[in-house]
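The values are calculated or read from the model by the stated rules, or taken from the named source; none is laboratory data. Since the model is a prediction, treat every value here as computed from it, not as a measurement. Positions of Cβ are backbone-derived with ideal geometry, glycine not excepted, and every protein chain shown enters the neighbour counts.
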Amino acid sequence: MLEAYAAYWDYNDMMVFTEELFQHIALELFGKTEVTLQKDGIDYTVDLKAPWKRMSMKEAVHHYGKINVDSLTEDAMRKILIDTGSIDPKEVKSAPRGILISKLFEHFADPTSSSRTTSSTILLKQLPSASSTAIPTLEKNAW
């Protein structure tokens with residue numbers, strides 16, 4: 001896990017910093033930004049070259065879940081969530097639109113969600129590291 005702060009930086013500055021940090025680590029460890037990782041016997045290639053693809057929660061739900069939330073009613077979103085079987089119907093019964101979008105994101109696009117159905121987890125902690133180097137966890141297609 002990495003947690004960093006800088007005076008007068010906003011989230012855009014932190015995204016640039018994080019991208020450049022991962023790129024730098026890959027270059028230091030492997031001499032290139034493209035790395036091949038293995039999870040459950042499957043090889044995945046991840047390019048850590050900055051800048052990474054950025055998208056909003058709605059864009060991520062559309063990209064990974066093939067769901068356009070802007071064209072759905074709250075009831076339609078509730079039905080999708082309940083049909084996935086990953087959420088208690090009571091939890092979304094009276095949830096407002098923003099929470100429903102957040103739940104769709106968690107199910108279809110959030111790389112930390114255990115219910116994600118679109119890709120396998122890739123753990124950078126599998127990479128060789130120096131004792132002072134912290135290697136974070138990544139997901140395939142997270143960018």
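Taking into account only those residues within region 92-133 that are at pLDDT below 80 and among the aliphatic types (A, V, I, L, M), which is surrounded by the most Cβ atoms within 10 Å (Cβ to Cβ)? Working first, answer last.
Of region 92-133, the ones at pLDDT below 80 are 110-133.
If we keep only those that are among the aliphatic types (A, V, I, L, M) as well, we get 122-124, 127, 130.
Numbers: ILE122: 24, LEU123: 14, LEU124: 19, LEU127: 14, ALA130: 9.
Per the criteria, the residue is ILE122.
Does any residue in region 52-80 that is touching a residue at least 12 places away in the same chain (Cβ under 8 Å) come within less than 8 Å, Cβ to Cβ, of a residue that is part of a helix (DSSP H, G or I) and of a type in the set (S, T, N, Q) six or more places away or on a different chain, and which pairs are these?
MET57/SER102
For region 7-51, how many residues meet the condition of being touching a residue at least 60 places away in the same chain (Cβ under 8 Å) and among the basic types (Lys, Arg)?
Total satisfying the criteria: 1.
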